[in-house]
Amino acid sequence: MIKKTLYGKTPRYNGENAVARVTEKLDGSNIGFFKLNGELLIAQRNNVLQLSELEEVKDKLYNGLYQWLLDNGEELKDSLHEESGFFGEWIGMGQIKYPDLDKRVYIFAKANINEELEVRNVYYDSELLLYPFIDEDVPEFVGFVPFVEIFEAYPCIEELDLLYAVYCNTVDRPVEGFVVCYRNAIKKYVRYKRGKLEDHME
């Protein structure tokens, strides 16, 4: 196992003007999967490990990830292009439960990785999220973060507040917030934290 953080924290949304695509911010744990030298790399928040060392590091894995990798790790490795992969949310460890979502991993970005474990070509555009997969064939046990809305101009906080109220009624469960993407930059709009609803803080 290597002590290394591949994916940093997402900055908070502050309301600049631009065309924007909004997805749901899931209450999950950041995770990445990459294929390098024919091996599947798993990137948790501060560690990168290999599928081949699964037994030695199983006590360091997210809750439920050990069995998920036993069930799906080899197929996921075989489905990825060499030096390619994705970042996503690992579901099931947060306070919010998702009865309407049936996967454990939801992709929000594609990326490439090199021999030095440097991540590059990180893209959040939903049209590009298929590219890490051979023949753009995504395994059935992997999903994409839920799409919410497209704005023709970058939304202000009041517009996101309204969208949040409407969207919460649609899914009929707590919603942590949104991720707003523009020109391959993302910012988060957060409303539900520690089990209670709060105003978004810029």
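No value in this document is a laboratory result; all are computed from the given coordinates. Computed from a predicted structure; not experimentally measured. Cβ coordinates were reconstructed from backbone atoms using ideal geometry, including for glycine residues, and neighbour counts include every protein chain displayed.
Put a dot 7 Å past the Cα of LYS193, heading toward its Cβ, do the same for GLU53, and the two dots end up 3.4 nm apart.
For the stretch 144-197, with only Lys/Arg (+1) and Asp/Glu (-1) charged at the beta-carbon, what is the dipole magnitude about the Cα centre, in debye rounded to 20?
420
In this simple spin-label model, placing a label point 7 Å from the Cα along the Cα-to-Cβ direction at both LEU162 and TYR131 gives a separation of 3.5 nm.
Each Lys and Arg Cβ is given +1 and each Asp and Glu Cβ -1; about its Cα centre, the stretch 59-202 then shows a dipole of about 740 debye. A simple spin-label model places pseudo-atoms 7 Å from Cα toward Cβ; at ALA185 and VAL171 they are separated by 2.5 nm.
Expressed as a rounded percentage, what relative contact order does the stretch 19-91 have, with Cα pairs under 8 Å and six or more residues apart?
Computed value for the stretch 19-91: 46 percent relative contact order.
If you wrap the chain in the convex hull of its Cα atoms and look at it from every side, the mean projected area works out to 11.2 nm². Once C-alpha pairs closer than 8 Å and six or more residues apart are averaged by separation and normalised to the residue number of the stretch 2-197, the relative contact order reads 31 percent. Multiplying the residue separation of LYS4 and GLU149 by 0.36 nm and removing their Cα-Cα distance gives an extension gain of 48.8 nm. Taking the C-alpha atoms only, the angle from helix 157-171 to the longest principal axis of the chain is near 70 degrees.
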